[in-house]
């Protein structure tokens with residue numbers, strides 16, 4: 001048996017060498033530490049918006065964890081032939097505040113804003129993915145501790161704990177997971193539009209330990225909705241942390 005030992009050692013060394021070559025090209029990946037909150041301002045009355053809604057849905061599917069998408073349906077397209085059933089003047093006001101921050105000449109759709117810091121045309125998938133990935137590389141603040149429960153009726157009871165800070169705001173959004181609309185008039189007449197994570201209600205308050213109350217929209221169950229909470233700087237509007245919770 002001794003005369004075969006050197007040959008056996010050579011075989012073992014060759015295997016180790018091949019293993020090293022096979023693994024040399026592989027990169028060690030680390031889980032993302034940052035957070036990306038994507039706010040899309042959209043409308044069913046805008047012909048340019050469906051591709052942005054699709055981009056939002058693709059991003060939500062592609063990035064698991066640490067990425068939170070929110071669809072705000074603005075109301076200024078309603079006068080042009082089709083009233084978006086999810087539109088809300090409050091979302092137009094929110095978009096206007098961002099426009100003032102970014103020093104834009106006007107508000108527009110579709111507009112995507114990531115972490116309150118970067119804005120661009122919402123249908124630009126490459127820009128959307130690149131911005132999300134860059135934000136995920138950055139450190140995030142402590143995420144809100146969030147729970148959502150229903151009572152016997154249509155009330156949703158929210159408990160959220162965050163680090164109290166005089167310069168930070170806590171936004172809590174009631175989000176409808178998905179919806180489809182058959183558009184009868186306007187620029188998207190005849191189209192079947194699909195939406196995800198539609199913001200139905202948004203409450204803003206100082207960061208800290210808070211309790212909030214929402215009501216389920218008509219025709220929806222708790223399973224149709226979720227809660228997304230995110231911390232935002234009062235002055236710069238930069239978003240530093242977020243969390244989501246199903247409604248039990």
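Nothing in this text is a laboratory measurement; each read-out follows from the coordinates by a stated rule. As the structure is a computational prediction, the values presented were derived from the model and not from experiment. Using ideal geometry, Cβ is built from the backbone for each residue, glycine included, and neighbour counts are taken over all protein chains shown.
Which one, 67, 38, 163, has the greatest fluctuation when you compute a Gaussian network model over the chain with C-alpha springs under 10 angstrom? Result for the chain, Cα springs under 10 Å: 163 fluctuates most. Projected label points at residue 121 and residue 236, each 7 Å from Cα along the beta carbon direction, are separated by 2.9 nanometres. One chain, two ends: residue 134 and residue 105. Fully extended at 0.36 nm per residue, the span grows by 7.8 nm beyond their Cα-Cα distance. Each part reduced to its alpha carbon centroid, the stretch 176-248 and the stretch 56-99 end up 9 Å apart.
Any chance you could give the angle, 0 to 90 degrees and rounded to 10, that helix 5-24 forms with the longest Cα principal axis of the chain? So the helix axis and the longest Cα principal axis differ by about 20 degrees.
What the Cβ-Cβ distance of residue 191 and residue 164 gives, at R0 = 45 Å and to the nearest 0.05, is a FRET efficiency of 0.45.
By the beta-carbon count within 10 Å of each Cβ, the least crowded to most crowded order of 195, 248, 66, fewest first, is 248, 66, 195. Among 72, 108, a tally of other beta-carbon atoms within 10 Å of each Cβ gives an order, fewest to most, of 108, 72.
To the nearest 10 degrees, how steep is helix 125-136 against the longest Cα principal axis of the chain, on a 0 to 90 scale? Roughly 70 degrees, rounded to the nearest 10.
Across the alpha-carbon atoms of the stretch 101-202, the computed radius of gyration and Dmax are 17.8, 49 angstrom.
Stretched out straight at 0.36 nm per residue, the stretch from residue 93 to residue 157 would grow longer than its current Cα-Cα span by 20.4 nm.
Remark: 180, 39, 201 ranked as 180, 201, 39, counting other beta-carbon atoms within 10 Å and listing the fewest first.
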